[in-house]
Amino acid sequence: MALFKAWCAGTKDKSKKKTFRTYSEKDGGRAAVLTQLGEAVRTHYDQADRIADDVSRLGYDGASEILRALLPQSKRARSGDLGEILASELVEEEMGFRVPVRRMRFKDGREVAMRGDDFIGVGYDPDDQLWLLKGESKSRANLGNVTIGEAREALNRYGGRCTPDSLLFIANRLLESADKDDVELGRTIRDEVGLKALRANRIDHMLFTMSGNAPAAKLQKDLEEAGDDRNQHVVSLHIEDHQAFIAEVYEEAMNLGNK
(Lines give C-alpha, C1' and ligand atoms only; values in the text may rest on other atoms or scores of the structure.)
Protein backbone atom coordinates (compact mmCIF):
# COMPACT_ATOMS: atom_id res chain seq x y z
CA MET A 1 0.00 0.00 0.00
CA ALA A 2 1.38 3.40 -0.98
CA LEU A 3 2.00 5.16 2.34
CA PHE A 4 1.34 8.79 1.49
CA LYS A 5 -1.57 8.04 -0.79
CA ALA A 6 -3.39 6.15 1.96
CA TRP A 7 -2.38 8.55 4.72
CA CYS A 8 -2.59 12.09 3.35
CA ALA A 9 -4.48 14.40 1.07
CA GLY A 10 -2.14 16.37 -1.13
CA THR A 11 -1.74 19.16 -3.64
CA LYS A 12 0.84 19.62 -6.35
CA ASP A 13 1.64 22.93 -8.04
CA LYS A 14 4.18 22.72 -10.86
CA SER A 15 5.54 25.61 -12.88
CA LYS A 16 8.40 24.91 -15.29
CA LYS A 17 11.22 23.50 -13.13
CA LYS A 18 9.66 24.23 -9.75
CA THR A 19 7.19 22.00 -7.91
CA PHE A 20 5.45 22.67 -4.60
CA ARG A 21 3.69 19.80 -2.81
CA THR A 22 1.58 19.91 0.33
CA TYR A 23 0.33 16.99 2.40
CA SER A 24 -2.05 16.88 5.35
CA GLU A 25 -3.54 13.90 7.13
CA LYS A 26 -6.88 12.54 5.97
CA ASP A 27 -9.57 11.80 8.53
CA GLY A 28 -8.64 8.34 9.76
CA GLY A 29 -5.50 8.34 7.62
CA ARG A 30 -3.05 7.95 10.47
CA ALA A 31 -4.89 5.00 11.95
CA ALA A 32 -4.95 3.33 8.55
CA VAL A 33 -1.16 3.51 8.10
CA LEU A 34 0.22 3.53 11.66
CA THR A 35 1.40 -0.08 11.41
CA GLN A 36 2.99 0.71 8.05
CA LEU A 37 4.66 3.81 9.49
CA GLY A 38 6.13 1.74 12.31
CA GLU A 39 7.41 -0.86 9.86
CA ALA A 40 8.96 1.82 7.67
CA VAL A 41 10.77 3.37 10.62
CA ARG A 42 12.11 -0.01 11.75
CA THR A 43 13.58 -0.80 8.35
CA HIS A 44 15.46 2.51 8.27
CA TYR A 45 17.34 1.46 11.42
CA ASP A 46 17.79 -2.25 10.80
CA GLN A 47 17.25 -4.87 8.13
CA ALA A 48 13.90 -6.64 8.20
CA ASP A 49 15.51 -10.10 8.05
CA ARG A 50 17.67 -9.31 11.10
CA ILE A 51 14.60 -8.22 13.06
CA ALA A 52 12.83 -11.43 12.03
CA ASP A 53 15.86 -13.46 13.16
CA ASP A 54 15.82 -11.64 16.52
CA VAL A 55 12.17 -12.59 16.94
CA SER A 56 12.94 -16.21 16.10
CA ARG A 57 15.83 -16.40 18.58
CA LEU A 58 14.63 -14.13 21.40
CA GLY A 59 10.88 -13.80 21.02
CA TYR A 60 8.99 -10.56 20.55
CA ASP A 61 10.01 -9.02 23.85
CA GLY A 62 13.71 -9.63 23.25
CA ALA A 63 13.56 -8.35 19.68
CA SER A 64 11.71 -5.24 20.87
CA GLU A 65 14.49 -4.56 23.39
CA ILE A 66 17.05 -4.59 20.57
CA LEU A 67 14.95 -2.09 18.65
CA ARG A 68 14.71 0.13 21.73
CA ALA A 69 18.50 0.10 21.91
CA LEU A 70 18.76 1.14 18.26
CA LEU A 71 16.07 3.79 17.98
CA PRO A 72 16.55 7.30 19.41
CA GLN A 73 14.71 8.23 22.59
CA SER A 74 15.10 12.02 22.71
CA LYS A 75 12.44 14.21 21.12
CA ARG A 76 14.99 16.14 19.09
CA ALA A 77 16.71 13.09 17.60
CA ARG A 78 13.40 11.40 16.80
CA SER A 79 12.06 14.52 15.12
CA GLY A 80 15.09 14.91 12.86
CA ASP A 81 15.31 11.23 12.01
CA LEU A 82 11.61 10.88 11.22
CA GLY A 83 11.74 13.86 8.89
CA GLU A 84 14.53 12.20 6.91
CA ILE A 85 12.77 8.83 6.94
CA LEU A 86 9.48 10.23 5.63
CA ALA A 87 11.32 12.31 3.03
CA SER A 88 13.03 9.16 1.75
CA GLU A 89 9.74 7.26 1.66
CA LEU A 90 8.08 10.08 -0.30
CA VAL A 91 10.98 10.32 -2.75
CA GLU A 92 10.64 6.66 -3.61
CA GLU A 93 6.84 6.67 -3.68
CA GLU A 94 6.22 9.76 -5.80
CA MET A 95 9.43 11.31 -7.15
CA GLY A 96 10.81 8.55 -9.37
CA PHE A 97 14.10 8.30 -7.46
CA ARG A 98 15.53 5.53 -5.32
CA VAL A 99 17.18 6.26 -1.96
CA PRO A 100 19.61 3.32 -2.09
CA VAL A 101 21.08 3.45 1.44
CA ARG A 102 19.18 3.69 4.73
CA ARG A 103 21.48 6.08 6.57
CA MET A 104 20.04 5.48 10.05
CA ARG A 105 21.55 1.98 10.06
CA PHE A 106 25.02 3.53 10.20
CA LYS A 107 24.64 6.15 12.94
CA ASP A 108 27.51 6.62 15.42
CA GLY A 109 24.97 6.85 18.24
CA ARG A 110 21.22 6.71 18.35
CA GLU A 111 20.85 10.32 19.55
CA VAL A 112 23.47 11.70 17.12
CA ALA A 113 22.49 13.39 13.87
CA MET A 114 24.38 12.18 10.82
CA ARG A 115 26.51 14.63 8.88
CA GLY A 116 26.23 15.32 5.17
CA ASP A 117 23.24 15.63 2.87
CA ASP A 118 20.05 14.47 4.60
CA PHE A 119 18.98 12.24 1.74
CA ILE A 120 20.14 11.55 -1.80
CA GLY A 121 17.93 10.07 -4.48
CA VAL A 122 19.36 8.23 -7.46
CA GLY A 123 17.71 7.94 -10.85
CA TYR A 124 18.42 7.74 -14.55
CA ASP A 125 17.37 9.72 -17.59
CA PRO A 126 15.86 8.07 -20.72
CA ASP A 127 19.40 7.41 -21.97
CA ASP A 128 20.20 5.52 -18.75
CA GLN A 129 22.53 8.25 -17.51
CA LEU A 130 22.87 9.09 -13.82
CA TRP A 131 20.53 11.71 -12.29
CA LEU A 132 20.68 12.77 -8.63
CA LEU A 133 18.36 14.37 -6.10
CA LYS A 134 19.99 16.34 -3.26
CA GLY A 135 17.66 16.68 -0.30
CA GLU A 136 17.37 18.53 2.99
CA SER A 137 14.77 17.71 5.62
CA LYS A 138 13.50 19.91 8.46
CA SER A 139 11.12 18.80 11.19
CA ARG A 140 9.77 21.44 13.56
CA ALA A 141 6.70 21.97 15.70
CA ASN A 142 6.72 25.53 14.35
CA LEU A 143 8.66 25.94 11.10
CA GLY A 144 9.88 29.46 10.34
CA ASN A 145 12.03 31.44 7.94
CA VAL A 146 15.32 30.82 9.76
CA THR A 147 15.04 27.04 9.48
CA ILE A 148 13.90 27.25 5.86
CA GLY A 149 16.88 29.49 5.10
CA GLU A 150 19.26 27.03 6.74
CA ALA A 151 17.94 24.23 4.56
CA ARG A 152 18.24 26.28 1.39
CA GLU A 153 21.79 27.25 2.31
CA ALA A 154 22.67 23.58 2.73
CA LEU A 155 21.17 22.73 -0.66
CA ASN A 156 23.20 25.45 -2.36
CA ARG A 157 26.43 24.51 -0.60
CA TYR A 158 29.20 22.96 -2.68
CA GLY A 159 27.86 24.59 -5.82
CA GLY A 160 24.54 22.82 -5.41
CA ARG A 161 26.20 19.43 -5.85
CA CYS A 162 25.83 16.54 -3.43
CA THR A 163 28.72 16.66 -0.99
CA PRO A 164 31.56 14.26 -1.83
CA ASP A 165 31.49 12.64 1.62
CA SER A 166 27.76 11.94 1.28
CA LEU A 167 28.18 10.40 -2.15
CA LEU A 168 31.16 8.30 -1.09
CA PHE A 169 29.25 7.04 1.95
CA ILE A 170 26.48 5.80 -0.35
CA ALA A 171 28.89 4.45 -2.95
CA ASN A 172 30.92 2.49 -0.43
CA ARG A 173 27.83 0.91 1.14
CA LEU A 174 26.64 -0.14 -2.32
CA LEU A 175 30.05 -1.59 -3.18
CA GLU A 176 29.71 -3.84 -0.11
CA SER A 177 26.46 -5.29 -1.48
CA ALA A 178 26.07 -8.80 -2.87
CA ASP A 179 23.80 -7.36 -5.56
CA LYS A 180 25.76 -6.73 -8.76
CA ASP A 181 23.48 -3.88 -9.82
CA ASP A 182 24.13 -2.12 -6.51
CA VAL A 183 27.87 -2.62 -6.94
CA GLU A 184 27.70 -1.10 -10.42
CA LEU A 185 25.73 1.86 -9.07
CA GLY A 186 28.29 2.31 -6.31
CA ARG A 187 31.07 2.43 -8.86
CA THR A 188 29.15 4.97 -10.95
CA ILE A 189 28.66 7.22 -7.92
CA ARG A 190 32.36 7.00 -7.00
CA ASP A 191 33.19 7.99 -10.57
CA GLU A 192 30.93 11.03 -10.20
CA VAL A 193 32.89 12.16 -7.14
CA GLY A 194 36.11 11.95 -9.12
CA LEU A 195 34.88 13.43 -12.39
CA LYS A 196 32.11 15.85 -11.29
CA ALA A 197 30.53 15.12 -14.65
CA LEU A 198 26.89 15.84 -13.82
CA ARG A 199 25.65 19.24 -14.95
CA ALA A 200 23.57 21.37 -12.58
CA ASN A 201 20.36 20.49 -14.41
CA ARG A 202 20.95 16.79 -13.64
CA ILE A 203 21.07 17.35 -9.86
CA ASP A 204 17.59 18.19 -8.56
CA HIS A 205 17.07 19.87 -5.20
CA MET A 206 14.38 19.00 -2.68
CA LEU A 207 13.42 20.70 0.60
CA PHE A 208 11.16 18.47 2.70
CA THR A 209 9.47 19.85 5.80
CA MET A 210 7.35 18.22 8.48
CA SER A 211 5.77 20.73 10.82
CA GLY A 212 2.98 21.43 13.25
CA ASN A 213 2.16 24.67 11.44
CA ALA A 214 1.39 25.02 7.72
CA PRO A 215 3.94 27.57 6.43
CA ALA A 216 2.85 27.44 2.79
CA ALA A 217 3.52 31.12 2.06
CA LYS A 218 7.04 30.95 3.49
CA LEU A 219 7.88 27.81 1.56
CA GLN A 220 6.41 29.16 -1.66
CA LYS A 221 8.56 32.28 -1.30
CA ASP A 222 11.64 30.13 -0.79
CA LEU A 223 10.79 28.14 -3.91
CA GLU A 224 10.21 31.29 -5.97
CA GLU A 225 13.65 32.59 -4.98
CA ALA A 226 15.44 29.29 -5.64
CA GLY A 227 17.64 28.98 -8.71
CA ASP A 228 16.07 27.94 -12.00
CA ASP A 229 19.09 26.04 -13.34
CA ARG A 230 17.75 22.74 -12.02
CA ASN A 231 14.50 21.08 -10.93
CA GLN A 232 13.45 22.40 -7.53
CA HIS A 233 11.03 20.57 -5.23
CA VAL A 234 9.56 21.86 -1.97
CA VAL A 235 7.34 19.65 0.18
CA SER A 236 5.24 20.59 3.20
CA LEU A 237 3.89 17.78 5.39
CA HIS A 238 1.54 19.32 7.96
CA ILE A 239 1.09 17.29 11.15
CA GLU A 240 -0.93 19.36 13.60
CA ASP A 241 0.05 17.36 16.71
CA HIS A 242 3.68 17.20 15.57
CA GLN A 243 5.31 15.96 18.80
CA ALA A 244 2.53 13.54 19.72
CA PHE A 245 2.67 12.08 16.21
CA ILE A 246 6.41 11.45 16.44
CA ALA A 247 6.05 9.74 19.82
CA GLU A 248 3.20 7.59 18.49
CA VAL A 249 5.15 6.46 15.43
CA TYR A 250 8.26 5.52 17.42
CA GLU A 251 6.20 3.64 19.98
CA GLU A 252 4.65 1.69 17.12
CA ALA A 253 8.09 1.05 15.64
CA MET A 254 9.42 -0.41 18.91
CA ASN A 255 6.34 -2.53 19.58
CA LEU A 256 6.63 -5.76 17.65
CA GLY A 257 3.61 -7.07 19.51
CA ASN A 258 2.95 -10.78 19.38
CA LYS A 259 2.40 -11.29 15.70
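The values are calculated or read from the model by the stated rules, or taken from the named source; none is laboratory data. Predicted, not measured: the structure shown is a model, and the values here were computed from it. Note: ideal-geometry Cβ built from the backbone for every residue, glycine included; neighbour counts use all protein chains shown. Note: accessible area is taken over every heavy atom of the protein model, side chains too, but ligands, DNA and RNA are not part of it. Shrake-Rupley method; radii C 1.70, N 1.55, O 1.52, S 1.80 Å.
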- Query: For segment 112-254, what's the relative contact order in percent, using C-alpha pairs closer than 8 Å and at least 6 residues apart?
  - Reply: 26
- With a 1.4 Å probe and every protein chain left in place, tell me how much accessible area HIS205 has, in Å² to the nearest 10. 0
- For segment 100-111, Karplus-derived ³J(HN,Hα) couplings (6.51, -1.76, 1.60; θ = phi - 60°; whole Hz; x for glycine and proline) come out as x, 10, 8, 4, 4, 5, 10, 5, 5, x, 5, 9
- Note on the structure: Ordering 74-86, 209-221 by per-residue average of other C-beta atoms within 10 angstrom, highest first, gives 74-86, 209-221
- So for the pair ALA52, GLN73, with labels modelled 7 Å out along Cα→Cβ, what separation do we get in nm? 3.0
- Message: What distance in nm separates the two pseudo spin-label positions at LYS107 and LYS12, each 7 Å out from Cα along the beta-carbon direction?
- Response: 3.1
- When you count, for each residue, the other Cβ atoms within 10 Å and take the mean per peptide, how do 158-168, 106-116 rank with the highest first? 158-168, 106-116
- SASA check, GLU251, accessible area w/ 1.4 Å probe, all protein chains in place, rounded to nearest 10 Å², comes out at 90
- Can you tell me the FRET efficiency between ASN172 and ALA197 if r is taken as the Cβ-Cβ distance and R0 is 22 Å, rounded to the nearest 0.05? 0.70
- Going toward the positive end of the dipole of the chain, with +1 on Lys and Arg Cβ and -1 on Asp and Glu Cβ, which of ASN231, GLY257, SER166 do you reach last? ASN231
- Item | Segment GLU251-ALA2, length gained on full extension (0.36 nm per residue, minus Cα span) | 87.5 nm
- Message: For a 20 Å ceiling on Cα separation, which of these pairs sit above it: LYS12/LYS221; LYS26/LYS218; LYS107/LYS138; LYS17/LYS134; LYS5/LYS107; LYS16/LYS221?
- Response: LYS26/LYS218; LYS5/LYS107
- Which of the helices in the chain meet the span-like rule: DSSP H, Cα axial reach of 20 Å or more, Kyte-Doolittle mean at least -0.5? 29-45
- Message: Order 127-133, 87-93 from most to least packed using the mean count of other Cβ atoms within 10 Å.
- Response: 87-93, 127-133
